[in-house]
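Let me begin by presenting the structure, written as structure tokens, before commenting on it.
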Amino acid sequence: MHSKLRKLAVIIFTLLLISYGAFAMGLSDLGKVCLFSKMSGVILMDGKPASGVRLVRTVNLSSDKVDETTTDENGNFEFPAVFERTITKYLPQEFVSNQEIVATYKGNDYRIWSAVKRRPEENVESKGKPLVVTCELNSEETLIKVSNSPIFSLCTWDVEPDEKRRGL
């Protein structure tokens, strides 16, 4: 009986070692997903470049990744892409990254971008092209769907929105 327990212990120990090795290899090669693609552009007020606009970007609201920038004298700005390493890239679940940019200009706040990114690749928000936007602070917010992701924005960019589905 003692011999059978020893063999069982060796088998369990071996399986644990193999499992740990596979798990450790998986952790060293964590998937890199893009939560928000690189974005550059210009902020306008009444059609003219708005300088000194403070832009605060919040990415994946559950983890509170926040950064900010300020427009230059020509209203230009740039945000780098935000990536995160995660094992969820390999798990069967839906990818969702919340995105928001709020502009503050002369004491007023304008939500210029609010989206739900549903694919982990970079530049999904612009169907593979660089995300270069023109945002008019005095415009009406519009809703478009790009790559099956809803985007509410005061901005325009070179993208073809998804085709609208016909009602049932």
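Where a number appears in this text, it was derived from the coordinates with a stated rule and is not lab data. This is a predicted model, so every value here is computed, not measured. Heads up, the Cβs are rebuilt from the backbone with ideal geometry, glycines too, and the neighbour counts pull from every protein chain shown.
How do Ser37, Ser3 line up, fewest other C-beta atoms within 10 Å first?
Ser3, Ser37
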Summing Lys, Arg as +1 and Asp, Glu as -1, what charge do residues with Cβ under 15 Å from the Cβ of Gln99 carry, Gln99 excluded?
-> -1
For the Thr134, Arg111 Cβ pair and Förster radius 22 Å, calculated FRET efficiency rounded to 0.05 is 0.85
Among Arg57, Arg118, which comes first, second and so on when ranked by fewest other beta-carbon atoms within 10 Å?
-> Arg118, Arg57
How much length, in nm to one decimal, is gained on full extension between Thr70 and Lys127, taken as 0.36 nm per residue of separation minus their Cα-Cα distance?
-> 17.9 nm
Those residues of segment 119-159 whose amide nitrogen sits under 12 Å from the label point placed on Lys32, 7 Å along Cα→Cβ | 122
Exceeding the 29 Å Cα-Cα cut-off - candidates Lys32/Lys164; Lys48/Lys129; Lys32/Lys106; Lys106/Lys127; Lys65/Lys106 = Lys32/Lys164; Lys32/Lys106; Lys106/Lys127
Taking the Cβ of each residue in Ile151, Ile144, Ile43 as the centre, tally the other Cβ atoms inside 10 Å and list the residues starting with the fewest.
-> Ile144, Ile151, Ile43
Length gained, Lys4-Lys164, 0.36 nm per residue minus C-alpha separation, equals 51.0 nm
At 10 °C and 1.306 mPa s, grab the translational diffusion coefficient of segment 32-157 from Stokes-Einstein with a Kirkwood Rh over Cα pairs, rounded to a whole number in µm² per second.
-> 107 µm²/s
Ranked by how many other beta carbons lie within 10 Å on average, peptides 130-141, 64-75 from highest | 130-141, 64-75
How far, in nm, would the chain grow between Ile12 and Val102 when pulled straight, counting 0.36 nm per residue and subtracting the alpha carbon separation?
-> 26.9 nm
